[in-house]
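The values are calculated or read from the model by the stated rules, or taken from the named source; none is laboratory data. Model, not experiment: these values are computed from the prediction. Because the Cβ atoms are built from the backbone with ideal geometry, glycine has one as well, and the counts that use them run over all protein chains shown.
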């Protein structure tokens, strides 16, 4: 830290003066002179207590008693630095030759207090009270651009460091800090090693700057550094500067996330199961100005390995751009759900408690913007098992849109867009196309239901609003359509139920084989409505309509299966009611509706017979009227008499014509 370096260099420059005057002036005068010079260099009150002990051979130096440096005026009254004593030893021959070579500098039991104010001010920002240039008899080099020196060994023993951030109310404590620094040549390498206890956890660190002088002057220099804390470790090997800037290879690993955050004085994040174990990352990093780049990166977490590259721009709102790839990703260990018995083998049973009302944490969506692409050969998450996946996630102003370019799923494919909007009250949207997806495996993984076999095509457009799953499902709106090819419905024999009017054709061993199923639907206020379901099977056909309350997880649906001729059902149609919670639906034959339909059919038959009789009578009347007109029927004469008379007249006329009479 520059402030500590300024103090040390000021002490070194004072040593010659102190040693020369120690034998000529009283100790309190010498201490006062040293305090004044240090106050000029730091802008703080410096107190030297106890006797100053000089030495001339084999090295020129001085040892102090207790020393303290005052804090900033706005900060705590505790000194920024207080130590039991300090000693400095210089190479006498080098000093006589005009060089500063420190053989040893030691600070005993220092207590360092660092503070950051609410407005961002820091107490380690030091300012000189007056120039220490040549005009005042000092060295022409200011402490910020120090005169070259060499340091054989510097030690800090049994130090403590406290950091207080008044803006966040956090406090960090380092105890038992031991530090060793070496700088054999000013323009050569500098080495630093330290050990300490940070909030009860062991901390160790080492660093080497390849060219200290240029580095301190603001140039880029080689830097290697290693740190370990609470079972975590990090390493950097590359170039760095005080600008700040850095480029090189970085490696990091953490095996106990909770212990690491505890050591940093922070509450452990509520990570999903699996993420709290080993995490590691490595890659080529570069940082300059406000931009951080990571190339050839490998990240390992929860048993997964992801490779790729990423860029972080901190100029305004943080923005992440990344391209990631993995051979496989398995996040099943991150799920809080556990497998259990369900309606089918290997399925999971729902609790029946309804959708969770726990509020979504949408605040994190506003932390940054992002544009991330991910490709993987397989992906398992939330109970789902997907194949080759190619997706893009874009987060802009709290709105996350995930574009599914290509997702292989259950022998089929999924494409479309998912949206999570953190603006306002929050919303969730989906616009998906699902082609030829195997429904048995999908529903088994998704809902623990394995009784529907067949491949389905699905078109889905949904929008829900709210800050919890319950609110979203209760507000869903949208539309869609679904169709199946050949398949099987297990646990229900519709044909047997229809033939025998018996609900016992349910359960294990029962099944309905079908040729096709199709339906379209609309969703309003969380309720799905359908009125055009068609179901065709070798022995029967069916139509259906009704509602599915997605918010309340309830069914109210009517299926009207019809036994086809030749299936021993003789065309019988029996409505089937499916009602109740969808985790335990009730199936009932609607015999009252069947009787009502029979009455309606009988009435229709009677109406048709009446209409047929009426039409027959009307036709007969028209025929009689036409015949009467043609026969010239006389008043009071029956149609039969008119016909007989007409025949006789025609016969007489025929005979007359035959015999030539009148």
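Of the listed requirements (1) crowded, with 17+ Cβ neighbours inside 10 Å; (2) at pLDDT 85 or above, residue 342 misses just one: (2).
The condition of being more than 34 Å from the chain's Cα centre (by Cα) and either modelled with pLDDT under 90 or not assigned by TED's automatic domain parsing to the domain that holds residue 105 (or both) holds for only one of 177, 192, that being 192.
Checking each residue in the range 176-219 for being surrounded by fewer than 18 Cβ atoms within 10 Å (Cβ to Cβ), over 23 Å from residue 159 (Cβ atoms) and touching a strand residue (DSSP E or B) at 6+ places or on another chain (Cβ under 7 Å) picks out 184, 185, 189, 210, 214, 218, 219. For the range 358-372, a tally of residues being in a loop (DSSP other than H, G, I, E, B) and modelled with pLDDT of 90 or more returns 1. Applying the criterion of being surrounded by fewer than 19 Cβ atoms within 10 Å (Cβ to Cβ) and closer than 30 Å to residue 360 by Cβ to the residues of the range 438-457, the residue that is modelled with the highest pLDDT is 441. Tell me the residue from 602, 624 that is surrounded by 10 or more Cβ atoms within 10 Å (Cβ to Cβ), under 30 Å from residue 497 (Cα atoms), modelled with pLDDT of 70 or more and not assigned by TED's automatic domain parsing to the domain that holds residue 529, please. Only one candidate passes the filter, namely 602. Hey, any hits in the range 584-597 for a residue that's assigned to a strand (DSSP E or B) and either modelled with pLDDT of 85 or more or closer than 30 Å to residue 468 by Cα (or both)? Yes, the range 584-597 has at least one match. The test for being surrounded by fewer than 17 Cβ atoms within 10 Å (Cβ to Cβ), modelled with pLDDT under 65 and either more than 25 Å from residue 148 (Cβ to Cβ) or touching a helix residue (DSSP H, G or I) at 6+ places or on another chain (Cβ under 7 Å) (or both) does not hold for residue 73.
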